[in-house]
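Report on the structure given below.
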Amino acid sequence: MLKWFRYLSIRSKLIWLVLAMFIIPWMGTRYVVEMKEFLLQGQKDALLLTAGGIATILNDRTELFELDAGVPELLGEKSDSFAYLLPRLIQLDGDASDWGNNALREKRGFTEAGLNQCDADYVPGNFAMQHLLGYRSDWLYALFEVTDDKIIYRDLERRKLGNGDHIRVLIQHPYGPLTRYTLVARGPGRMTAYLVSGDWQSPLLGDPVDDVVAMLKETDYGYAVELRLPRYLVGRYSRLGFNIIDVDNHETRELRAKISTYPQAENTQPGRVLLTSPEITQLLRGLNQPNSRIWVIDKQQQVRAVVGGLTPPRAVEKPGEQPVTWWQKLQRTISTRLDALLRRPDVVFEDLPSDITVRRDEMIVDVLEGEPRSDTRRSVDKKVKIVMAGHPIREGNSVLGMVMVEQSSHAILRSQYELLKSLAASSLLVFAFVTLALIAFAWRLTVRIGRLHDTTEKAISPEGRVQDANIPTRAYPRDELGDLGRSITSMLRRLSGYTHYLEGLPDTLAHEMNNPLNVVSSSLQILEQEQESIRGNKYMERAQAGVQRLRHLLSSLTQAANLEEAMRSEERKRLNLARLLRDYIGGSQAMFSLHRFKLSLQYKEMYILGSGDHIAELLDKLIDNAVQFGVPQTTIEVCLVEREEGLLLTVTNEGAVIDEGQHERVFDPMVSLGRKDATTSHLGLGLYVVRLIADYHQARTWMANRQDGTGVVVSVLFPFTEN
Amino acid sequence: MSHTIAIVEDDPHQRDNYADALRAQGHAVVAYSNKPTALEGFKNALPDLVILDIMLEDEMDGGFDICRELRHMSPQLPIIFLTARDSDIDRVSGLRLDAWDYITKPVNLQFLGVRVASLFRIASTLKHAADDGPVALKLGDLELNEASLSVSWKEQPLNLTLTEFWVVESLAHNVGKVKSYEALMQVTKQSYVEKNTINGYIRRIRKKFKQVDPEFEYIETVFGTGYRWHKDT
């Protein structure tokens, strides 16, 4: 599977390994996610316990879930504003002192916000209203403290009902008609209430109604009204709204301004009806926890009470310490970048409004069947996850309703985010460092291996001779690579020793063979002298010829070894190779009568740095080779031309070609191209001597077949002289 | 007058062959096979000429040691190294010990006789005349005296072997003319000579001249043919 990995360089392999290390932060992330799940579960359990606890308080409190236990919410108000349980029944006299201080603190002011109709010259101080709602026993009370600069009472002479300052009451029954009452006053004291039609002016019944009672009392700033409604009139699922109408012109009696307790648009479609249980709400208030919301839901999945809010008070961003050290600055920079990357959880999110009347979550069905459950859902704007836990409220064996506690997982998300951030930041830094360190290490390692490779390559010449057995191990510490360098050195030394032995072998061999040869040779000489008759004997002559051949062989063997020794002490001089060739070929022609020589020189003077004697020896061997393998009566061409790299000497002869793969080997010692003449020696040392001399002159040698395939070309490329 | 020739050679066949050949030429021969017996013999009676092999039995440089001892006993005793060792180092070592000649195996016994005769002649010249005798050849800065085997360049004596002396003499007798390799091979009076052997002699001769005169350029190579002594002298 990982076959491809084998073909990579060490550098790439290390980079892959570094990449593999990214598993670690991935695991860290996994861990954080798992931990979040764990924390969420913990939160669920805690909420479930809370829900259970609250449910226990509400167990068997059937009366809290009675239909008429609900108090209609003031139209347009938030759910946390509700009718207060009053300390006593109210004396309807326009004096608010009997409402109790607790309730009075909750008085709401309506000014511009409640004004739906007003003239352009409306002055805020001229018309305003303070309002409070309360209940006691079967009665619902409303208090209005109206600021009015000019009180106009009803003029009985006029046909229109609301021709003075008056109060309109709207009761919105669920799915039913709207009931409207108009309360008018002819003066301070009891007001008259009429059930009216949609225009608020026409009484539906001829007589005023008795169940709505209100008293008006003039005050310093205007007037105050106390109003009483029987609770059955509003009941469950109903909504209640009030309008205070101001008439300021005594003559025209025109409606000048209106303050409404609910936003009154053109469209007065009945909205949802919210019914809360004040008792439950009050109970829950004490249990409320920050950042959590408690819902009480009845069997019909109707919301009976809700307290608290999910959104925490907006945290004031701490100014934060100014980064001082470079480390802190770096941390801050990374932190800012990570915020963008990791999607910082938003503190502000939008969720279900508290005034919804029905919860339809799947979980609720289960809980209402008696099963405590917990679940999570997304906030309305999908920004955060909200944990919910529901616990049934029981009455004996039946379920009265349920308590649901909700809490946003923001705190957990926040800590998860912080964890992830610090994890990411530290991983990033550590990885940057580790990666850099690894890359530097890998680079250093490959450089060292490369250097070792280069030195090792250079240690042995292309011909396989050990040039420098010393791999510089000084640069290599005592690690594996250093050891490798040292073992290569020792290997090269041994190889060098063996090569020396091999190089010395022909010499030793020749030396050892010379002694017995000398015995044979001297014995033959004595024999010839002593025995006159033997002189001229053909066998004697053959024996002497054999001795002669043996001597030639032995002398060839020692020649290479002696040559190296001789060259070492020789000095190289500037030498006109062209002239040397001219002289040499001139002299050679006489010696090799079987071949013709053709010399071509590009210029008359072509200089190299060399030793004339050795160049002559090199030519000896080249010509010997050409003569030996050249077809008799053909021409041997010797050519010297100038090339870009130096002076190129070529010796071309017609005859046998060399096989593929032999080109390099022919210059090795003891490699012969073949035998042509059984009486001449073929130790293959001639071209080896050529190479030795060429090496000494820093020249390159090679052999190739002629392009037309009729023979071979031996080339020697001499470098130019310095000057 | 019969001369005594001592042969030190560890190979009995070669030793006997040399001895037989030299005896046939009328010389008295004593033969030794190793250093201790040879030195023992030389203490009793010093021969007139010594032929030494370098490697003697287990002693790599036994011949050189004997030569050193002999020089202590007699500074003018003709000593010839006759050995299979052909390296320049050995030749230089031999000559540093004041050997008169250094020839390599295989040897031509006839030529060996000629050499021995020449050396005896030289030795007797040196023994009987206080000076070097008349100069045989004077060629510019070169002075050759065959009788005493002495060569000098710019009046500085050179230490040449017998063979080297013959080569210089042969070149000097033919100033300006090329001495071919074949001709020079004859001059060295050895059984088997190749072009390279001649090159070797010339190289060593040039080196010796250059030791006394770094500007020495009179032995000229005629590439592919041979050598000649430069005309200008």
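Which one of the conditions (1) more than 9 Å from chain B (Cβ to nearest Cβ); (2) loosely packed, with under 14 Cβ neighbours inside 10 Å; (3) assigned to a helix (DSSP H, G or I) does A:A590 fail to meet, given that it meets all the rest?
With respect to (1) more than 9 Å from chain B (Cβ to nearest Cβ); (2) loosely packed, with under 14 Cβ neighbours inside 10 Å; (3) assigned to a helix (DSSP H, G or I), A:A590 is out only on (1).
For the range A:522-533, which residues satisfy the criterion of being polar (S, T, N, Q), more than 30 Å from A:D507 (Cα to Cα) and at the interface with another protein chain (Cβ under 9 Å from one of its Cβ atoms)? Even if it seems obvious, please write down each step before you answer.
So the first thing to find is which residues in the range A:522-533 are polar (S, T, N, Q), and the list is A:522-523, A:525, A:529, A:531, A:533.
Now narrow it down to the ones that are more than 30 Å from A:D507 (Cα to Cα): A:529, A:531, A:533.
Across the range A:522-533, the qualifying residue is only A:Q529.
May I ask you to verify whether A:L338 is surrounded by 12 or more Cβ atoms within 10 Å (Cβ to Cβ), more than 14 Å from A:V403 (Cα to Cα) and at pLDDT 75 or above?
So A:L338 does not fit the description; no.
Could you list, in sequence order, all residues of the range B:217-226 that are crowded, with 18+ Cβ neighbours inside 10 Å and either more than 10 Å from chain A (Cβ to nearest Cβ) or outside any strand (DSSP E or B) (or both)?
B:Y218, B:I219, B:F223, B:G224, B:T225
Restricting attention to strands (runs of 3 or more DSSP E) lying wholly within the range A:99-193, give those where 3 or more residues are modelled with pLDDT of 85 or more. Even if it seems obvious, please write down each step before you answer.
On the way: elements: A:108-110, A:115-117, A:127-136, A:139-148, A:166-172, A:178-184.
In the range A:99-193, A:139-148, A:166-172, A:178-184 are the strands (runs of 3 or more DSSP E) which contain 3 or more residues that are modelled with pLDDT of 85 or more.
Looking at the range A:477-513 only, could you name the residues that are within 14 Å of chain B (Cβ to nearest Cβ) and in contact with a strand residue (DSSP E or B) (Cβ under 8 Å, 6 or more places away or on another chain)?
Listed by number, the list is empty, since nothing qualifies.
Could you identify the single residue in B:L70, B:L77 that is more than 14 Å from chain A (Cβ to nearest Cβ), in a loop (DSSP other than H, G, I, E, B), more than 26 Å from A:S521 (Cβ to Cβ) and touching a Leu at 6+ places or on another chain (Cβ under 9 Å)? Talk me through it step by step, then tell me what you get.
Values: B:L70 fails: in a loop (DSSP other than H, G, I, E, B).
Just one listed residue meets the conditions, B:L77.
If I filter the range A:633-640 for residues that are closer than 28 Å to A:D668 by Cα, in a helix (DSSP H, G or I) and within 14 Å of chain B (Cβ to nearest Cβ), do I get at least one hit? First the steps, then the outcome.
Start the filter on the range A:633-640 by keeping residues that are closer than 28 Å to A:D668 by Cα, which leaves A:634-640.
Narrowing the set further to residues that are in a helix (DSSP H, G or I) leaves none.
Scanning the range A:633-640 turns up no residue that is closer than 28 Å to A:D668 by Cα, in a helix (DSSP H, G or I) and within 14 Å of chain B (Cβ to nearest Cβ).
Is it the case that some residue within the range A:534-554 is polar (S, T, N, Q), more than 10 Å from every other protein chain (Cβ to nearest Cβ) and over 19 Å from B:F111 (Cβ atoms)?
For the range A:534-554, residues polar (S, T, N, Q), more than 10 Å from every other protein chain (Cβ to nearest Cβ) and over 19 Å from B:F111 (Cβ atoms): present.
Given the conditions (1) in contact (Cβ under 8 Å) with a residue 40 or more places away in the chain; (2) in contact with a Gly (Cβ under 8 Å, 6 or more places away or on another chain); (3) more than 10 Å from chain A (Cβ to nearest Cβ), which single one is not true for B:A45?
Against the list (1) in contact (Cβ under 8 Å) with a residue 40 or more places away in the chain; (2) in contact with a Gly (Cβ under 8 Å, 6 or more places away or on another chain); (3) more than 10 Å from chain A (Cβ to nearest Cβ), B:A45 comes up short only on (2).
I'm checking my understanding of the structure. Among residues of the range B:20-30 that are touching a residue at least 24 places away in the same chain (Cβ under 8 Å) and assigned to a helix (DSSP H, G or I), which one is nearest to B:A6 (Cα to Cα)?
The qualifying residue nearest to B:A6 (Cα to Cα) is B:L22.
Taking the range B:84-106, which residues are in contact with a Phe, Trp or Tyr (Cβ under 8 Å, 6 or more places away or on another chain), aliphatic (A, V, I, L, M) and assigned to a loop (DSSP other than H, G, I, E, B)?
B:L97, B:A99
Which residues, taken from the range B:85-103, are facing another protein chain (nearest Cβ under 8 Å) and surrounded by fewer than 22 Cβ atoms within 10 Å (Cβ to Cβ)?
Just the residues of the range B:85-103 that are facing another protein chain (nearest Cβ under 8 Å), to begin with: B:85-89.
B:S87, B:D88, B:I89 - these are the residues of the range B:85-103 that are facing another protein chain (nearest Cβ under 8 Å) and surrounded by fewer than 22 Cβ atoms within 10 Å (Cβ to Cβ).
Quick one: A:G504 ticks every box in (1) surrounded by 13 or more Cβ atoms within 10 Å (Cβ to Cβ); (2) at pLDDT below 80 bar one, so which box is it?
(1)
Only one of (1) without any contact (Cβ under 8 Å) to a residue 40 or more places away in the chain; (2) in a helix (DSSP H, G or I); (3) buried (at least 17 other Cβ atoms within 10 Å of the Cβ) is not met by B:Q186, so which one is it?
Going through the list (1) without any contact (Cβ under 8 Å) to a residue 40 or more places away in the chain; (2) in a helix (DSSP H, G or I); (3) buried (at least 17 other Cβ atoms within 10 Å of the Cβ), B:Q186 breaks only (3).
Which residue out of A:L601, A:L580, A:L575 is crowded, with 16+ Cβ neighbours inside 10 Å, touching a helix residue (DSSP H, G or I) at 6+ places or on another chain (Cβ under 8 Å) and at the interface with another protein chain (Cβ under 8 Å from one of its Cβ atoms)?
A:L580
Of the numbered conditions (1) modelled with pLDDT under 80; (2) surrounded by fewer than 14 Cβ atoms within 10 Å (Cβ to Cβ); (3) of a type outside the set (K, R); (4) more than 27 Å from A:D45 (Cβ to Cβ), A:V380 satisfies every one except a single condition; which is it?
With (1) modelled with pLDDT under 80; (2) surrounded by fewer than 14 Cβ atoms within 10 Å (Cβ to Cβ); (3) of a type outside the set (K, R); (4) more than 27 Å from A:D45 (Cβ to Cβ) applied to A:V380, the lone miss is (4).
Condition check ((1) modelled with pLDDT of 85 or more; (2) of a type in the set (V, I, T)) across all residues:
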site: A:T635; (1), (2): yes, yes
site: A:C639; (1), (2): yes, no
site: A:E642; (1), (2): yes, no
site: A:L647; (1), (2): yes, no
site: A:I658; (1), (2): no, yes
site: A:Q662; (1), (2): no, no
site: A:F667; (1), (2): no, no
site: A:S681; (1), (2): no, no
site: A:G684; (1), (2): no, no
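Mind listing whichever residues of the range B:199-215 are touching a residue at least 24 places away in the same chain (Cβ under 8 Å) and either surrounded by 17 or more Cβ atoms within 10 Å (Cβ to Cβ) or closer than 13 Å to B:A172 by Cβ (or both)?
Scanning the range B:199-215 gives B:G200, B:Y201, B:I202, B:R204, B:I205, B:K208, B:F209.
Somewhere in the range B:156-166, is a residue in a helix (DSSP H, G or I) and within 14 Å of chain A (Cβ to nearest Cβ)?
There is no residue in the range B:156-166 that is in a helix (DSSP H, G or I) and within 14 Å of chain A (Cβ to nearest Cβ).
Would you check which residues across the range B:55-67 are part of a loop (DSSP other than H, G, I, E, B), surrounded by 16 or more Cβ atoms within 10 Å (Cβ to Cβ) and of a type in the set (D, E) and list them?
B:D61
Just a yes or no: is a residue in the range B:12-24 closer than 19 Å to B:F165 by Cβ, within 14 Å of chain A (Cβ to nearest Cβ) and among the aromatic types (F, W, Y)?
Within the range B:12-24, not a single residue is closer than 19 Å to B:F165 by Cβ, within 14 Å of chain A (Cβ to nearest Cβ) and among the aromatic types (F, W, Y).
Would it be correct to say that A:Y232 is hydroxyl-bearing (S, T, Y), in a strand (DSSP E or B) and either closer than 20 Å to A:L161 by Cβ or more than 60 Å from the chain's Cα centre (by Cα) (or both)?
So A:Y232 fails the test.
So which of B:V178, B:V193 ends up being farther than 26 Å from A:L550 by Cβ, of a type in the set (A, V, I, L, M, F, W, C) and within 14 Å of chain A (Cβ to nearest Cβ)?
B:V178
If you take the residues of the range B:31-54 that are in a loop (DSSP other than H, G, I, E, B) and of a type in the set (A, V, I, L, M), which of them is nearest to B:D98 (Cα to Cα)?
B:I54
Report whether or not B:L144 is more than 12 Å from chain A (Cβ to nearest Cβ) and not in a loop (DSSP other than H, G, I, E, B).
Considered against the rule, which asks whether it is more than 12 Å from chain A (Cβ to nearest Cβ) and not in a loop (DSSP other than H, G, I, E, B), B:L144 comes out as yes.
Check whether at least one residue in the range A:622-630 is in a helix (DSSP H, G or I), surrounded by 15 or more Cβ atoms within 10 Å (Cβ to Cβ), within 8 Å of chain B (Cβ to nearest Cβ) and among the charged types (D, E, K, R), and report yes or no. Write out each step before concluding.
Pass one, the range A:622-630, residues in a helix (DSSP H, G or I): A:622-629.
Among the residues that remain, those that are also surrounded by 15 or more Cβ atoms within 10 Å (Cβ to Cβ) are: A:622-629.
Remaining after also requiring within 8 Å of chain B (Cβ to nearest Cβ): none.
Within the range A:622-630 (the criterion being in a helix (DSSP H, G or I), surrounded by 15 or more Cβ atoms within 10 Å (Cβ to Cβ), within 8 Å of chain B (Cβ to nearest Cβ) and among the charged types (D, E, K, R)), the answer is no, since none of the residues qualifies.
For the range A:44-78, give me each residue that is among the β-branched types (V, I, T) and either under 51 Å from the mean Cα position of the chain (by Cα) or modelled with pLDDT of 85 or more (or both).
Correct list: A:T50, A:I54, A:T56.
The values are calculated or read from the model by the stated rules, or taken from the named source; none is laboratory data. The shown structure was predicted, so the numbers you read here are calculated from the model rather than taken from an experiment. Counting neighbours? That spans all protein chains shown, and the Cβs are built from the backbone with ideal geometry, glycine included.
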